[in-house]
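Notes follow the structure.
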Amino acid sequence: MSNHSNNTPDTPMQGASLDIAEQRRRELKQLFPGAFTETRNDQGELVETLDFERLKAELGQFSEIYDNRRERYGMDWPGKRDCLRLIQAPSYATLKPCREESVDFDTTQNLFIEGDNLEVLKLLQKAYYGKIKMIYIDPPYNTGKEFIYPDNYSESLETYLAYAGLADAEGKKFSTNTQAEGRFHTKWLNMMYPRLYLARNLLKEDGVIFISIDDNEVENLRRMCDEIFGEENLLANFVWRTDGNFDNQAKIKNCHEYILCYVKNVESFPHPPKVDPNVSENSKLFKSEIRNTIVKNGPKNPPSKIELAIGFPSKFIDGVIEKRSDSWPHYLGNAKFANGKLLEPVTVYSGWSSKELLNEFIDNNFLPVSDGKGQETTFEITATGAIEAVKKRSDVKSHVISSLSGFGGSQKAGLEIQELGLVFDDYPKPTELLKYFVGMNDLEEFVVLDFFAGSCSTAHAVYRENAEAIGKNVSFIMIQLPEQCKEGSKAKESGYETISQLGKERVRKAGAKIKSNLLDEFHFSKGRNLDLGIKIFELNKSNFKLWQSPDKQVTDAVLIQQMELAIDHIDPNATQEDLLYELLLKSGVNPTETITTIELAGHKVFSVADGSLLVHLEDSIDKALIDAVLTQKPVQFICLDKAFHGNDQLKANAVKTFETYNQGVQGEELRIVFRTV
């Protein structure tokens, strides 16, 4: 369970999502603590500030003077500054559980969140910061026909609520982005930039993101990702051949799309344990060892001498390779072998591809050494005099190429949906392709995120990967706006008002179908656990009225209203489960954590993550409950402020009780954080 709290008793709950700017400042301070200093503000208070000149000095720029109008390489467009402000603006929304729509709500690790992905990505920052192994997204390609999220920076949540029919007020409607608007590329960039920025925060250090795109925006997407992820972290620009029928009227038949692949840190990302499905079964990739000559002559490999010591192994048992200078490698003396070993030292002369590794092998008394990929390597002389590197192939085979073919296209993907009794008109991706990407990750358990989920091909692919690959236990987070299905579309005619409705239904039906075919189709062994559930949430306003952000220019009437909210600040329509999941999000706890209900001193208490967090949401509290909580020794205890009913003495005693307990334990990790909301 994540814990972003401090250890001060009675710490008020923070209603906002993770403060991105503050997080960046903390990370920068860890790297450059000397660049931070304390100064006094106008009120005489000590505040911590960043000394930019000191930071530049630590980066080696001691006396460089910058002109404010200097030119530099980068990507700019109208609205980029607003994008950065939008990233730092916290979200005061919540995710409301939809138990009746879910499957295995209490046990599944799979999430489907209906809502604006920008708001949801902000809400996930605390719980999933640096925890997502893989992201796949299929965003709008900006063809001028698809739906584009709005780029109004001042009313993202309100706009969404109006669009989704969750608010009475008239809000901006989301629409297509046409070239006639004059801000065609700008609007798309403003939509994508903050979402990708927040997505990077969620990736693990060895995490990877795949982004589908076509020719319309591939150039802008790559430059934008170079800035966000770092151009050195571009792993591949996959070219995917989209099998199917192509427009015969076009001058050039377009049969490909792109999938940009970036990693959080290219040094941390291992070789993917996947082999391109088009590789023949007879390929040397499937042989137990790899043999290649290390003789390599050319401008980059000038000839040099190497002395082969007594005992150097040969591929043959007995024989002699005579002194020679007419073929590579040159032998400067006769090389005699018996019982597969060199009898006397001999010097050879050539250009080499692995000279350092060969010398290491000789110095290691001909025992195996490891190459740059960690492969066990030995060397042998062949009967022709060539010297071969013999690498023992690991059980994990890696052969991923940048050209993707044989996975099918949108037609095949459409048939997969039809087999579930559904239809989808908007070019879904085939699960075989997405399953290939999921399989590129070396872990058995990890989380896959798709925040442009559409018909949920990614979730379907995760289900299939878990069913087919022994030992895999991948979970997913799907995020999809309740985008209206187009009038006249097959999905609309089938009774689905929104794409998110169709996506949820696909996940449920895909899970049910796989479950019914586990033994016959997937040969699933008995006793294996397979999570085919889905835990559904809906983006909505906070259940706590005080957590709504007031306007900067607040009026007296608004201030009076805020003071009144302090008396009864909880939405009367909110259930205890609604409140619980909002508190989990705001505490940095994954919404998939195990939750049980226990009884302490006659009170109902929610126990989260095996008792690490205890939450009391009833309307009254007493000393007996506080004492009972201490016996459970949780990391955090949260309760409603109104449960004290204005009894300041009772609350003060509760605070004092936790303070006394914390002073008596050894180690900060054993202290209990007491929080009220």
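The values are calculated or read from the model by the stated rules, or taken from the named source; none is laboratory data. Keep in mind that what you see is a predicted model, and the values were worked out from it rather than measured. A quick note on method: Cβ atoms are made from the backbone with ideal geometry, for glycine too, and the neighbour counts reach across all protein chains shown. Note: accessible area is taken over every heavy atom of the protein model, side chains too, but ligands, DNA and RNA are not part of it. Shrake-Rupley method; radii C 1.70, N 1.55, O 1.52, S 1.80 Å.
With every protein chain kept in place and ligands, DNA and RNA left out, what is the accessible area per residue of segment 563-630? Probe 1.4 Å, answer in Å². Walk me through the numbers on the way to the answer.
Numbers: 2760 Å² over 68 residues.
Value for segment 563-630: 41 Å² per residue.
Using C-alpha pairs below 8 Å separated by at least 6 residues, the relative contact order for the chain is 19 percent.
In the chain, the portion of solvent-accessible area held by carbon and sulfur atoms comes to 47 percent [1.4 Å probe, whole percent, DNA, RNA and ligands not counted]. Evaluated with a Cβ-only charge set (Lys, Arg +1; Asp, Glu -1), segment 286-386 carries a dipole of roughly 300 debye about its Cα centre, given to the nearest 20. Taking the C-alpha atoms only, the angle from helix 556-565 to the longest principal axis of the chain is near 80 degrees.
Express as a percent, rounded to the nearest 5, the fraction of DSSP beta bridges in the chain (both residues included) that run antiparallel.
Beta bridges within the chain, antiparallel portion: roughly 70 percent.
Fully extending the segment from residue 659 to residue 383, taken as 0.36 nm per residue of separation minus the present Cα-Cα distance, adds 91.4 nm. Taking 0.36 nm per residue of separation and subtracting the Cα-Cα distance, full extension of the segment from residue 530 to residue 645 would add 36.7 nm.
Please give the contour-minus-distance gain from residue 104 to residue 339: 0.36 nm per residue of separation, less the Cα-Cα distance, rounded to one decimal in nm. Please report the intermediate quantities before stating the final value.
Values: separation 235, 0.36 × 235 = 84.60 nm, distance 6.55 nm.
Stretched out fully, the residue 104 to residue 339 stretch lengthens by 78.1 nm.
Taken as Cα centroids, segment 372-400 and segment 89-150 sit 45 Å apart, rounded to the nearest whole angstrom. Note on residue 349 and residue 283: their simple-model spin labels are 4.1 nm apart, each label 7 Å out from Cα toward Cβ.
On the beta carbon distance between residue 22 and residue 275, with R0 = 41 Å, the FRET formula returns roughly 0.40. Note on residue 29 and residue 268: with the Förster distance fixed at 25 Å, the Cβ-Cβ geometry gives a FRET efficiency of about 0.65.
Using +1 on the beta carbon of Lys and Arg, -1 on that of Asp and Glu, and nothing else charged, what's the dipole of the chain about the Cα centre, debye to 20? Mind showing how you got there, number by number?
Working: 80 positive and 101 negative charges, 413 e Å.
Approximately 1980 debye in magnitude.
Given R₀ = 35 Å, FRET efficiency for residue 304-residue 398 by Cβ-Cβ distance, to 0.05?
Working: r = 31 Å, r/R0 = 0.90.
About 0.65, to the nearest 0.05.
Between 0 and 90 degrees, the angle of helix 117-128 with respect to the longest Cα principal axis of the chain falls at about 80 degrees.
Between amide H atoms placed 1.01 Å from N, distances below 5 Å from residue 207 occur with 264, 265, all of them 5 or more places distant or on a separate chain. Between 0 and 90 degrees, the angle of helix 184-202 with respect to the longest Cα principal axis of the chain falls at about 80 degrees. Solvent-accessible surface of segment 435-527, taken per residue with a 1.4 Å probe and all protein chains present: 39 Å². Of the peptides 532-543, 282-293, the ranking by mean beta-carbon count within 10 Å, highest at the top, reads 532-543, 282-293. Across segment 271-371, the volume of the C-alpha convex hull divided among the residues equals 157 Å³ per residue.
Take every pair of alpha-carbon atoms less than 8 Å apart whose residues are at least six positions apart; their mean separation over the length of segment 345-480 yields a relative contact order of 14 percent.
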